[in-house]
Amino acid sequence: MDRVAVVGCAGAGKSTLSRALGARLGAPVIHLDTLFWKPGWVESDPEAFGAAVDAAAAGARWVIDGGYSRHSAARFARADTVVWLDPPRRVCLWRALRRSATLFGKIRPDLAPGCPERIDPAFYRYIWNWKRANRPRLEETLARHASHARVVRLRSDRQTARFLSEAGQNLDFDVKV
């Protein structure tokens, strides 16, 4: 595994897995949220963000986490592995709520400077509706741009821990989408 795209709903554990996977593989970790968000939770210009994602995906080795399927062609085209974290939505929502409560007002390392953790009901609705509203787009994007890649879909913390413990080994752990 040289180029790994980690995708899934907010609260699925993408950043946590990416940091651990990057350390295990000795690969740089790029959090797309740090490229997308500007201080004060201002969204990036779509063209500038797309160029930043393409530049990050041009590297020889990386772990890139985040959704942003509209800006994923280069990332998925270059990925040799796509890890799709797909726990139940109640798990994602609980994790996001817990993160907001415990880190409120603090800047997380996987977010851009000037974007403190906050309570955001619209974000929690997004998480609750993600599987209905966003999963079909992710599936379509993976089929279009990542059909060559090993796609691993992890639905539980146990599967994620097993995948991480075996990362970098040539073991058969594929769960094709």
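The values are calculated or read from the model by the stated rules, or taken from the named source; none is laboratory data. Treat the numbers as computed from the prediction; the structure is a model and nothing was measured. Glycine gets a Cβ as well: all are built from the backbone with ideal geometry, and neighbour counts include every protein chain shown. Side chains are part of the model used for accessible areas, which takes the heavy atoms of the whole protein and leaves out ligands, DNA and RNA. Shrake-Rupley method; radii C 1.70, N 1.55, O 1.52, S 1.80 Å.
Looking for whichever is over 25 Å from R24 (Cα atoms) and surrounded by fewer than 16 Cβ atoms within 10 Å (Cβ to Cβ) here; the options are A133, A60. Which one fits? Only one candidate qualifies: A133. Listed by position, the helices (runs of 4 or more DSSP H) contained in segment 23-84 that have at least 1 residues being of a type in the set (D, E, K, R) and under 19 Å from G114 (Cα atoms) are 32-36.
Within this structure, R144 fails the test of being part of a helix (DSSP H, G or I), in contact with a strand residue (DSSP E or B) (Cβ under 9 Å, 6 or more places away or on another chain), open to solvent by 50 Å² or more (accessible area, probe 1.4 Å) and among the basic types (K, R).
The residues of segment 40-50 that are surrounded by fewer than 15 Cβ atoms within 10 Å (Cβ to Cβ) and either at pLDDT 95 or above or under 23 Å from N134 (Cβ atoms) (or both), listed by number, are W41, V42, E43, D45, P46, E47, A48.
The residue of segment 92-120 that is nearest to G22 (Cα to Cα), among those that are touching a helix residue (DSSP H, G or I) at 6+ places or on another chain (Cβ under 9 Å) and loosely packed, with under 14 Cβ neighbours inside 10 Å, is P109.
A quick yes/no check of all residues on (1) in a helix (DSSP H, G or I); (2) modelled with pLDDT of 95 or more; (3) over 22 Å from F36 (Cα atoms):
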| site | (1), (2), (3) |
| --- | --- |
| G114 | no, no, no |
| F123 | yes, yes, no |
| Y126 | yes, yes, no |
| N129 | yes, yes, no |
| Q169 | no, no, yes |
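With respect to the conditions (1) under 17 Å from the mean Cα position of the chain (by Cα); (2) in a helix (DSSP H, G or I); (3) under 15 Å from L85 (Cα atoms), R158 lacks only one, and its number is (1).
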